[in-house]
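Below: one structure, written as structure tokens.
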Amino acid sequence: MEVTPVKPKNSGSKQLFKNPLLEKLSRTHISVPVTLFLVMGAVLGWYAFTHTDMANWIIGLLFAAGLLIFTFVEYWTHRNVYHIEPTTPMRAKFQYTTHGIHHEYPKDKARLAMPPILAVVVAVTFFGIFFVLMGEAAYAFFPGFIWGYAGYLLVHYSVHAYPPPKNVFKALWINHSIHHYKDGEVVFGVSSPLWDYVFGTMEVRKK
């Protein structure tokens, strides 16, 4: 199935669902999920400090590990799920609904984050998986992971909503602009370029 690259539009939006409720649920203000995840991480982190036997340094180490693992999950999901090859009509519809519409309308501020209801379901699922694998360590690990996601949302929103800043964060604006406006098959990291360097998808940036 031949894939035609989506040409980005500098403004506007697009109706994704005919059902008005689904259409409304597909949009969100960035402050809603960011607040949810910051609070969720804070509550779980408080629980780790006050209701577990883990030493403070272990909690800090697990938190940092959660941040690092999130950057990998962000990269892997963006590259292998959001940019899945649309080799069948069903895969093409999935790719467009989950991410293709964002590439077509990158300035649509209401679709720069996963809808809160779906995001909470995904977050709870991840916490459940981590808890099964790690036990009470998940109370320290997951806050780093979920705060990493909140940071990603803030960076992603800022990149699309504001001009690049005159500081060290400008590189993130440049990287994501390459992904959107030059080559959608490179530079998959949004909050961090780490895994692009690890897996060789920053080569175009070097050129």
*Of all residues in region 74-124, how many are assigned to a loop (DSSP other than H, G, I, E, B) and among the hydrophobic types (A, V, I, L, M, F, W, C)?*
4
*Among G60, G45, G66, which is within 28 Å of Y197 (Cβ to Cβ), crowded, with 17+ Cβ neighbours inside 10 Å and of a type outside the set (D, E, K, R)?*
G66
*Where residues in region 14-36 are among the polar types (S, T, N, Q) and touching a helix residue (DSSP H, G or I) at 6+ places or on another chain (Cβ under 8 Å), which of them is farthest from T97 (Cα to Cα)?*
T28
_Can you say whether Q95 is free of Cβ contacts under 8 Å to residues at least 40 places away in the same chain and buried (at least 18 other Cβ atoms within 10 Å of the Cβ), as far as the supplied structure shows?_
yes
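Here is a yes/no grid of residues against (1) under 12 Å from the mean Cα position of the chain (by Cα); (2) touching a residue at least 24 places away in the same chain (Cβ under 8 Å); (3) under 15 Å from H103 (Cα atoms):
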| position | (1), (2), (3) |
| --- | --- |
| A150 | yes, yes, no |
| L153 | yes, yes, no |
| S158 | no, no, no |
| Y162 | no, no, no |
| N167 | no, no, no |
| V187 | no, no, yes |
| T201 | no, yes, no |
*asked:* Criterion first (assigned to a helix (DSSP H, G or I), loosely packed, with under 14 Cβ neighbours inside 10 Å, at pLDDT 90 or above and on the phi > 0 side of the Ramachandran plot) does G135 satisfy it?
replied: yes
_P116 - would you say it is touching a helix residue (DSSP H, G or I) at 6+ places or on another chain (Cβ under 7 Å) and under 15 Å from M40 (Cβ atoms)?_
yes
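Okay, residues lined up against (1) buried (at least 20 other Cβ atoms within 10 Å of the Cβ); (2) closer than 20 Å to F37 by Cβ:
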residue	(1), (2)
Y149	yes, yes
S158	no, yes
Y162	no, no
I178	no, no
Y181	no, no
E185	no, no
G189	yes, yes
*Condition broken by M54, with the remaining ones in (1) surrounded by 14 or more Cβ atoms within 10 Å (Cβ to Cβ); (2) part of a helix (DSSP H, G or I) satisfied*: (2)
*Residues being hydroxyl-bearing (S, T, Y) and part of a loop (DSSP other than H, G, I, E, B) - total across region 155-177*: 1
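The values are calculated or read from the model by the stated rules, or taken from the named source; none is laboratory data. On a predicted model such as this, the values are computed, not experimentally measured, just so you know. We place every Cβ from the backbone using ideal geometry, glycine too, and count neighbours over all the protein chains shown.
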